[in-house]
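FYI, it's all coordinate maths here, none of it is from the lab. Note that the structure is a prediction, hence the values are computed from the model and not measured. FYI the Cβ positions are ideal-geometry reconstructions off the backbone, even for glycines, and counts take in every protein chain you see.
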Amino acid sequence: MPKTGEKPGAGQYTCKECGKTLTLDDETDKLPPCSNCGGTEFK
Ligand SMILES: [Zn+2]
């Protein structure tokens with residue numbers, strides 16, 4: 001599972017803690033912490 005600071009590629013990721021969806025537009029974007037709960041694990 002992707003975590004904050006990794007570059008998993010463009011796509012949609014869902015916070016494991018709260019379920020908020022985060023979108024990365026670029027292959028080189030790093031995953032930020034969840035803007036809702038500060039979680040660092042996504043799926
Ligand atoms: Zn969250």
## Note on the structure
Inside the stretch 5-43, the number of residues satisfying the requirement of being assigned to a loop (DSSP other than H, G, I, E, B), surrounded by 11 or more Cβ atoms within 10 Å (Cβ to Cβ) and of a type in the set (D, E, K, R) is 7
### Task
Could you please find all residues in the stretch 1-37 being within 16 Å of the ligand (Cβ to nearest atom), among the polar types (S, T, N, Q) and more than 9 Å from the chain's Cα centre (by Cα)?
S35, N36
### Message
Can you tell me which condition P2 does not meet? The list is (1) surrounded by 15 or more Cβ atoms within 10 Å (Cβ to Cβ); (2) on the phi > 0 side of the Ramachandran plot, and all the others hold.
### Response
(2)
### Task
Could you please tell me which pairs satisfy a Cβ distance under 6 Å, a separation of 6+ or placement on different chains, a first residue in the stretch 23-43 that is under 14 Å from P2 (Cα atoms), and a second residue that is of a type in the set (D, E) and assigned to a loop (DSSP other than H, G, I, E, B)?
L31/E6; G39/E17
